[in-house]
Amino acid sequence: MAHSLSPECTPLKIAYDSCFNAWFEGYLQPAPRGISSEERFKRTEQKRKEYDERCGKLWENYRACLQKAVKDSGLTDMLKEARLENPLTSIPPPEP
């Protein structure tokens, strides 16, 4: 795994990446065939809750560290400028 933007964030990144990768592996398991859309929705909600319980706090800690590192590195103005130049106003459709 790669290092984080700031050395003090790297342990948080490693912990979060490990948690996310383990959760995502389970998330990618296909849903059973023939389930209803309601059951599929419930399964998706269950996976979201599972993520929040397992990895949510790790993500918040890592994100807070990154935000501090961005600010301390003087990158805040550059990020604001980049967002103004190329705003992500909608998710682009997948390519066919």
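The residue pairs whose first member lies in the range 54-75 and is touching a residue at least 24 places away in the same chain (Cβ under 8 Å), whose second member is β-branched (Val, Ile, Thr) and in a helix (DSSP H, G or I), and whose beta carbons are closer than 7 Å, counting only pairs six or more residues apart or on different chains, are Val70/Thr76. Flag: Lys13 matches the condition of being closer than 30 Å to Asp72 by Cβ, in contact with a helix residue (DSSP H, G or I) (Cβ under 8 Å, 6 or more places away or on another chain), charged (D, E, K, R) and open to solvent by less than 90 Å² (accessible area, probe 1.4 Å).
Tell me whether the range 45-56 contains one or more residues that are open to solvent by 100 Å² or more (accessible area, probe 1.4 Å), farther than 25 Å from Trp23 by Cβ and among the basic types (Lys, Arg).
Within the range 45-56, the subset open to solvent by 100 Å² or more (accessible area, probe 1.4 Å) is 46, 48-49, 53-54.
Then drop every residue that is not farther than 25 Å from Trp23 by Cβ, which leaves none.
Scanning the range 45-56 turns up no residue that is open to solvent by 100 Å² or more (accessible area, probe 1.4 Å), farther than 25 Å from Trp23 by Cβ and among the basic types (Lys, Arg).
Only one of Ser37, Ser4, Ser18 is on the phi < 0 side of the Ramachandran plot and more than 19 Å from the chain's Cα centre (by Cα); which? Spell out how you get there, then give the answer.
On the way: Ser4 fails: more than 19 Å from the chain's Cα centre (by Cα); Ser18 fails: more than 19 Å from the chain's Cα centre (by Cα).
Checking each option against the conditions leaves just Ser37.
Of all residues in the range 57-74, those satisfying the criterion of being open to solvent by less than 70 Å² (accessible area, probe 1.4 Å) and either touching a helix residue (DSSP H, G or I) at 6+ places or on another chain (Cβ under 7 Å) or aliphatic (A, V, I, L, M) (or both) are Leu58, Asn61, Tyr62, Ala64, Cys65, Leu66, Ala69, Val70.
The values are calculated or read from the model by the stated rules, or taken from the named source; none is laboratory data. Note that the coordinates shown come from a computational prediction; the quantities given were computed from them, not determined experimentally. Note that we place each Cβ from the backbone using ideal geometry, even for glycine, and neighbour counts take in every protein chain shown. Ligands, DNA and RNA are excluded from the accessible area calculation, which covers all protein heavy atoms including side chains. Shrake-Rupley method; radii C 1.70, N 1.55, O 1.52, S 1.80 Å.
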